[in-house]
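Accompanying notes for the structure given below.
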Amino acid sequence: REIKLRNYEPEDEELKKRKLPKAKPPSVEDKVKDQLEAAKPEPIIEEVDLTNLAPRKPDWDLKRDVAKKLEKLEKRTQRAIAELIRERLKGQEEELASAVGSAKQEGSDSD
């Protein structure tokens, strides 16, 4: 093995020959410039959609899970409303028929 002296200052002339020259530190400014240039992001997307960046509301998963059940309930509600409307229309038809019938009876009595 060959001895390499980096930090030791030998007094012996033979050892002084084996001493390595002092290393010059690399330029930090060049490394920093390279890192800064590498860190600059290139604009990939020119326009940013803010709806995608906004956080979701805390109850979004509950709404998602309940959506199917709400669809079924909405259908049942629509059917019930339609049935109530039909019943009212039938009631109005009966009232109208009785009113027409009574009007005919009153008209025939007066003749």
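The values are calculated or read from the model by the stated rules, or taken from the named source; none is laboratory data. Everything numeric in this text was worked out from a predicted model, so none of it was measured. Note that we place each Cβ from the backbone using ideal geometry, even for glycine, and neighbour counts take in every protein chain shown. When the accessible area is computed, the model is the full protein with side chains, heavy atoms only, and any ligands, DNA or RNA have been set aside. Shrake-Rupley method; radii C 1.70, N 1.55, O 1.52, S 1.80 Å.
I need a count of the residues in region 80-111 that are at pLDDT below 85, of a type outside the set (S, T, N, Q) and open to solvent by 100 Å² or more (accessible area, probe 1.4 Å).
Of the residues in region 80-111, 8 are at pLDDT below 85, of a type outside the set (S, T, N, Q) and open to solvent by 100 Å² or more (accessible area, probe 1.4 Å).
With the condition kept exactly as written, say whether any residue in region 17-25 is at pLDDT 80 or above, more than 60 Å from the chain's Cα centre (by Cα), surrounded by 10 or more Cβ atoms within 10 Å (Cβ to Cβ) and not small (Gly, Ala, Ser).
Taking every residue of region 17-25 in turn, at least one turns out to be at pLDDT 80 or above, more than 60 Å from the chain's Cα centre (by Cα), surrounded by 10 or more Cβ atoms within 10 Å (Cβ to Cβ) and not small (Gly, Ala, Ser).
State which residue is modelled with the lowest pLDDT when the search covers only region 42-69 and only residues that are open to solvent by less than 100 Å² (accessible area, probe 1.4 Å) and of a type outside the set (Gly, Ala, Ser).
Val48
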